[in-house]
Every structure is written in structure tokens, then in C-alpha cells.
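Below you'll find the structure, written out as C-alpha cells, and then a few comments.
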């Protein structure tokens with residue numbers, strides 16, 4: 001993995017596969033991209049994986065952040081313009097993925113949204129509750145990360161080492177950055193008409209035991225308004241489902257028949 005930079009960049013696994021479809025992962029509020037590690041091996045069976053890394057001090061608008069990620073993807077496609085691109089966003093990254101898919105739809109063949117944080121503007125009580133975070137003194141943020149852990153993951157399904165990694169990544173983000181990204185989620189406002197412009201196949205993954213966001217209700221809303229979307233519910237998973245031991249994103253995509261012909265052919269050849 002590359003060293004931390006002062007601007008958004010892609011973390012690149014050691015195994016580069018430029019002839020494979022490109023899989024771009026946009027992480028949650030932590031922005032580190034480090035928590036995708038448990039999924040990378042499975043995804044590499046059919047994809048060339050990139051994971052967005054946001055610097056700890058990164059505090060830009062949706063428009064700027066959207067453009068930066070589009071530029072990163074375009075730079076990858078300059079190396080091989082013929083391959084398909086899968087865009088996957090989790091939580092905060094799910095909201096960002098929606099913004100990116102609207103801004104540059106021509107870049108993507110498939111979109112995966114995992115418990116996307118796109119609901120606050122339609123649920124006043126969530127918006128109100130999110131503002132309470134601003135009352136927490138900065139010195140208590142590190143302690144608060146421990147209290148937030150049961151809301152992020154299903155503890156019994158998450159290995160102890162991964163729980164420690166989650167706490168580490170949460171504590172690596174300055175309180176000012178947490179508040180900034182939370183303000184972006186509160187400002188996120190994509191209406192039904194805009195959602196209908198996203199015509200690529202979209203897979204919604206929603207956790208039934210998400211204690212942080214109403215992910216099933218949001219997934220149902222998105223499936224209703226996205227022209228070509230399907231939903232899968234994870235009955236025993238929490239918000240950060242991709243760190244759970246029994247969740248395999250690549251297998252979920254296979255089971256939902258979400259791989260295109262090229263990805264299927266590569267998977268078979270492996």
C-alpha cells in the first residue's frame with residue numbers, strides 16, 4: 001500500500017491485474033480504505049481492485065470530492081480504456097458513489113451500494129440526532145469510538161482483531177474531519193428524478209441489524225427509484241458488514257448474478 005498522501009488517492013493491492021475489470025471501493029466515514037482488507041482476496045478473483053483513501057485532514061465539498069474521484073478513475077482507465085468499471089460505496093462512500101454515478105455515468109457498468117448514508121435529508125429525526133455530535137467535546141471523541149463500536153458492527157460476527165482495527169481507524173480521523181463528513185451527509189440531497197438517471201445495474205446490500213442507519217428502509221427506497229436495481233438483505237449483519245467474518249462481497253455479487261460476462265469469464269478461468 002502507498003504512504004498516506006495529502007490528497008485523495010487509490011490504495012493499490014500488491015496484485016495488479018490491469019486486464020481485469022476495475023473495482024473501485026469508496027469507504028465509510030473513516031476514509032482510510034484499510035477495512036476492505038478482508039474482502040480484497042475474494043474480489044481479486046475477477047477484478048483489479050482500487051480503494052479510495054481520504055487524508056485525515058481532507059475537508060472538501062461533495063462537488064470537489066466527486067471530481068477528484070472521477071479524475072482518479074479516469075487516470076486508471078487511461079491505462080486500459082476497454083475494461084468495465086464497478087463502483088462500490090459503503091455508508092459515506094455509498095452517498096459519494098451516488099454523486100459520482102450521476103456526474104459521470106459513462107464511466108461505470110455496475111454500481112454496488114452497501115448501507116449507503118443517503119437518508120438523512122428525508123428523515124428529520126435522523127438529521128436532528130446527527131447534530132448532537134457537535135455537542136461532544138473533541139477530547140471525548142476517542143473514548144466515544146469505543147461506545148460507537150456496537151452500533152457499527154455485529155460484535156459476535158466480527159473477529160477481535162478486526163474490531164481493534166475498526167477502533168484504530170476511527171481514532172485516526174480528527175474530530176474536525178468527522179464533523180465535516182457528517183455535515184456532508186446531512187447536506188446530501190439527491191431526489192427521485194436524479195436517481196432515475198442512474199440506469200446501470202445497481203446492487204443494494206442492506207444490513208437488517210444496522211443500529212446506525214435505517215439501511216433496509218433506505219435500500220427499499222433506492223430500489224423503488226433506481227431503474228435497474230436489486231436488493232439483498234443481510235439478516236444478521238450490522239452497519240459495517242464488510243468486516244464480518246461470514247460476509248464475502250464477491251460471493252454475494254455472484255449469488256445475485258451481478259457479474260458481467262467479462263468478470264464471469266475471468267472467474268471461470270481462475
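Of all residues in the stretch 174-188, exactly one satisfies the criterion of being over 29 Å from residue 225 (Cα atoms) and within 17 Å of the chain's Cα centre (by Cα), namely 178. Checking 260, 191 one by one, the residue that is more than 24 Å from residue 49 (Cβ to Cβ), over 15 Å from the mean Cα position of the chain (by Cα) and at pLDDT 85 or above is 191 and no other.
The values are calculated or read from the model by the stated rules, or taken from the named source; none is laboratory data. On a predicted model such as this, the values are computed, not experimentally measured, just so you know. Backbone-built Cβ (ideal geometry, glycine too); neighbour counts: all protein chains shown.
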